[in-house]
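The structure appears below as structure tokens.
The values are calculated or read from the model by the stated rules, or taken from the named source; none is laboratory data. Since we're looking at a predicted model, the values are computed, not measured. Note that we place each Cβ from the backbone using ideal geometry, even for glycine, and neighbour counts take in every protein chain shown. With ligands, DNA and RNA removed, areas are computed over all heavy atoms of the protein, side chains included. Shrake-Rupley method; radii C 1.70, N 1.55, O 1.52, S 1.80 Å.
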Amino acid sequence: MERAEDVPLYGRDPLLRALVPRLTGLKYDERSRTAREFQHDLPVVLLTGRHGMGRSAVLRELAAHYRGRLPLAHIRVAPEGAGAYASAVALGSRTGGDADGHVATGLVGLLTELARQLGPSYRRPFPVLLPGLFAVTSWDPGDCTERDAVCLRLARLLIACRMADAPEQDVRRAWAAAVEARVASGAPCQPGGAAASVSRALHGEYAYRHRAGSERDWYRARFPQLPPDADPLPLLGDWYHQGGDYRRAVERTLVAAFRHDVAGAYGRLQRWNREPWPLVLLDDVHLPAGRRFVDLLLEHRATPDSPEREELVVVATRLGEPPGNDPGPLRRELPELVRATGWERRGTVPSAGLLTVPLTPLSRDDVLPLLEAGSAGTPLHPYLASALHALTRGHPAATAMLCSAVRAATRAGRAVAPRDLLDLSAPDGRPVGEALLERLLPDRRQRDRLTLLSLARDSTAAEALATRLRLEGPEQLPANAVTDYLEQQHWQHLTPPESPLVTDPLLQRLLVHEARRLSPGPDDSRGWQEIHRFLQNHHAQRGDDGEADALRHMLAAGGVETVVASLAEVFQSERDERGAGHWLGCLRYAATAPTPPERDWRDDRLRIALGAHDGRYIHLDDTERCVNRLLHALWYLSEPHTEPDPDTCTAIEQELAYLSLRHPSWRVALGQAARRWPAAARDKRPLPVPGQ
């Protein structure tokens, strides 16, 4: 879970200080009203982004600024089936504390938490919703831990709504004992089984302690087939525990009850005084309970004959992007939120009530202030900020964690060069790359698999490598399993087998760096050299189609001289008909190879590129020495953290110009590369290849 101090909020002001104040009617950091953009029909604001983009941090910032100033609920949705975790949270061992929002699982748990957090702000809190929640809540009669957790959750709800004034543990024990007694003395079997029996007992105890009023008539209107004197609330519980369409109908009813109570909490006096609208902050609504609540809220709001319009401001976060084929939501970029969004309901589809806002990466200008903050004036490498931005591409969590590691290292007296960024330490002493990968890929098993399989070019090569390394799993082929995991975590969309296994550049660099760091040694089957040699042989068997990949893996394994000899041989061959474009493409791709582990290799790429070590290569002819310098120059500049220096770019130009004079049929193509590649290298752009 990302922490507020880990994820910077640069560039989020249009959302925090402009849009949300125009929704709530209350300024972000001033105790004064502001004009509302929306009146009686509000959009649900959906913030989208990948892991570490600051979704949770934005909600925490909003909660910190608006808590105590308007009715507010801040909830983190947990996965379904997290009963033990939810029980632990309910019993008081909260993970993350209030700053992360209270945890809720299931739609009923989410509505209960909403009522608990909003209730203290209302004069008469949720008179219709509460009896409905008691009518559907239950536990396994034989599970004392679950019983205590549920009763404590209900006790906190009653205390928050001023319907109980004893300590929460006393209320919990009293309710558990009373309900258990009712279950023991009641009918042995109810239509929904044991769970329905507990729900009926809970409702019976609630009705006994808090006399029913008009809420029974409200629920009866939802069940027109009932006799006039029948109580609809036990039927509500029975339907809920039957599941399927019955449960869906009950959930729709409970959300309607929630909206009814929120709308009823604002009378003429509150509207006359322009009281700010309540604010609900929901984290991770891509999970079932959050998605269900948002869908039902949007469905109710889209109903033309909806009996009331509750002015509830909902800001939710979703991992990944909303479905791109849905024309209903209105999308706005962060800078566009400074002024009116232009949102209005278009049509009756529920998704028309969504206003989606993708959280964008940090800019290069945001990085330097983060590096300087707390550095005590220690001079930094002049290109450290740009190198860090090139490495992270502005990913907020990665940027914040690396900046924190740099500041800690400089305070300890260490000079940090751009190449050192992923070798720094996190606050807990672990390598920062390891800590960052754990943040971005929570599943350790899939993370460990990906660390090795990320060295492969595509899914086919990854599957061959998995077989070689015996990475068998019980569920399916390992490469397919990690591909599915990346899609579930919204790191990439469905990709064909020939596409890269990991498409996100930051994630790929972190995985490769971790594989290099953890490499057991040159003679181990899972070592860096052995893996790359295996992959080189795998691609060599594909013939011309695999030549560039084979050269790249050969270079990664440390076989520099072999790669130079192969490229020089093709260049000098008069019978090779594949053309200069193929040769340049192989050279360019081979030069993107990851570097071997430091213990097995010394990085002299820059000095070799500039000719400082030509004496080592007197056994090579002029063409081979030229190819050697050119390969090392391109390999050096392929690193995201390197700053293209003029000498290296000039060397690329000179080596290509020299080669163009040595090959009669490739002269034009190599001459073009001599002019275009140095400029592309200076701008960190892809190197253009003729015909590609």
Restricting segment 589-604 to residues that are part of a helix (DSSP H, G or I) and at pLDDT 95 or above, which is farthest from ARG676 (Cα to Cα)?
ALA590
So LEU354 clears everything in (1) more than 24 Å from LEU441 (Cβ to Cβ); (2) without any contact (Cβ under 8 Å) to a residue 40 or more places away in the chain; (3) of a type outside the set (Phe, Trp, Tyr) except one condition, right? Which one?
(2)
Restricting to segment 147-178, what's the tally of residues that are open to solvent by 60 Å² or more (accessible area, probe 1.4 Å) and under 34 Å from the mean Cα position of the chain (by Cα)?
1
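Within segment 221-291, considering only helices (runs of 4 or more DSSP H) that don't extend past its boundaries, which have at least 2 residues that are surrounded by 17 or more Cβ atoms within 10 Å (Cβ to Cβ) and not hydrophobic (A, V, I, L, M, F, W, C)?
Values: elements: 232-242, 244-264, 268-272.
Those helices (runs of 4 or more DSSP H) span 232-242, 244-264.
For segment 408-450, which residues satisfy the criterion of being among the charged types (D, E, K, R) and touching a Leu at 6+ places or on another chain (Cβ under 7 Å)?
First pass over segment 408-450, keeping only residues among the charged types (D, E, K, R): 411, 414, 419-420, 423, 428, 430, 434, 438-439, 443-445, 447-449.
If the condition is that a residue be among the charged types (D, E, K, R) and touching a Leu at 6+ places or on another chain (Cβ under 7 Å), then ARG447, ARG449 are the ones that fit.
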Are there any pairs, at least 6 apart or on different chains, whose C-beta atoms fall under 8 Å, with the first in segment 247-270 and without any contact (Cβ under 8 Å) to a residue 24 or more places away in the chain and the second in a helix (DSSP H, G or I) and not basic (Lys, Arg), and if so, which?
ARG247/TRP239; ARG247/TYR240; ARG247/HIS241; ALA249/TRP239
Inside segment 555-581, can you point out the residues that are on the phi > 0 side of the Ramachandran plot and modelled with pLDDT of 90 or more?
GLY558
Failed condition for ALA591, given (1) surrounded by 14 or more Cβ atoms within 10 Å (Cβ to Cβ); (2) among the small types (Gly, Ala, Ser); (3) farther than 30 Å from HIS389 by Cα
(3)
Could you identify the single residue in GLU438, GLU547, GLU487 that is in contact with a His (Cβ under 8 Å, 6 or more places away or on another chain) and surrounded by fewer than 20 Cβ atoms within 10 Å (Cβ to Cβ)?
GLU487
Please go through segment 303-352 and pick out each residue that is outside any loop (DSSP other than H, G, I, E, B), modelled with pLDDT under 95 and small (Gly, Ala, Ser).
GLY320, SER351, ALA352
Which one is most open to solvent (accessible area, probe 1.4 Å), of the residues in segment 318-335 that are over 19 Å from HIS51 (Cβ atoms) and touching a strand residue (DSSP E or B) at 6+ places or on another chain (Cβ under 9 Å)?
ARG331
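For segment 644-660, which positions are of a type in the set (Ser, Thr, Tyr), open to solvent by 40 Å² or more (accessible area, probe 1.4 Å) and out of contact with any Cys (no Cβ under 7 Å at 6 or more places or on another chain)?
Initially, segment 644-660 is screened for residues of a type in the set (Ser, Thr, Tyr), giving 648, 650, 658, 660.
Still in the running and open to solvent by 40 Å² or more (accessible area, probe 1.4 Å): 650, 658.
Within segment 644-660, just THR650 meets the criteria.
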Keeping to segment 518-547, report how many residues are under 22 Å from ASP603 (Cα atoms) and not in a loop (DSSP other than H, G, I, E, B).
8
Of all residues in segment 576-626, which are of a type in the set (A, V, I, L, M, F, W, C) and under 30 Å from LEU511 (Cα atoms)?
TRP583, LEU584, CYS586, LEU587, ALA590, ALA591, ALA593, TRP601, LEU606, ILE608, ALA609
Mind checking which pairs have a first residue in segment 597-611 that is in contact (Cβ under 8 Å) with a residue 12 or more places away in the chain and closer than 10 Å to HIS632 by Cα and a second that is open to solvent by 80 Å² or more (accessible area, probe 1.4 Å) and among the acidic types (Asp, Glu), Cβ under 8 Å, 6 or more apart or different chains?
LEU610/ASP647
